[in-house]
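The values are calculated or read from the model by the stated rules, or taken from the named source; none is laboratory data. As the structure is a prediction and not an experimental result, all values here were calculated from the model. Here the Cβ positions follow ideal geometry from the backbone for every residue, glycine too, while neighbour counts run over all protein chains shown.
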Amino acid sequence: MAKTASDSQMMPSVRGASYARRYELLLRRLVLEKLFDGAAFLMATDKQGRGGTYSEPADDLGMRPFLAALTGHAMAFQAGRR
């Protein structure tokens, strides 16, 4: 049986937060601690997702900054191979 954390065992920043807010905080932390180079946080309902409609709850974790950073990394990688 999997053990789950009670509210008292959680970090104060996520206690009582929605799952969406928890993912947002997790992605920010992973980028801040340089465990990830970048991240994008997108949300959609099942119906919206099938139609390609999504929301970006956090501007700094949107697709535009993520793809810009990814493009920069790809260009730097390619330049290093020449």
Worksheet item: Limited to the stretch 36-64, what total is found for residues that are touching a helix residue (DSSP H, G or I) at 6+ places or on another chain (Cβ under 8 Å) and either among the basic types (Lys, Arg) or over 17 Å from ALA20 (Cα atoms) (or both)?
Response: 3
Worksheet item: What number of residues within the stretch 46-80 are under 20 Å from ARG28 (Cα atoms) and not acidic (Asp, Glu)?
Response: 17
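One line per residue, one yes/no per condition, for (1) under 29 Å from THR71 (Cβ atoms); (2) modelled with pLDDT under 95; (3) touching a His at 6+ places or on another chain (Cβ under 9 Å); (4) among the small types (Gly, Ala, Ser):
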residue: LYS3; (1), (2), (3), (4): no, yes, no, no
residue: SER8; (1), (2), (3), (4): no, yes, no, yes
residue: SER13; (1), (2), (3), (4): no, yes, no, yes
residue: TYR19; (1), (2), (3), (4): no, yes, no, no
residue: GLU33; (1), (2), (3), (4): yes, no, no, no
residue: GLY51; (1), (2), (3), (4): yes, yes, no, yes
Worksheet item: When you look at ASP46, is it loosely packed, with under 13 Cβ neighbours inside 10 Å, more than 30 Å from ALA76 (Cβ to Cβ) and modelled with pLDDT of 90 or more, yes or no?
Response: yes
Worksheet item: Quick one: PRO65 ticks every box in (1) surrounded by 12 or more Cβ atoms within 10 Å (Cβ to Cβ); (2) modelled with pLDDT of 95 or more bar one, so which box is it?
Response: (2)
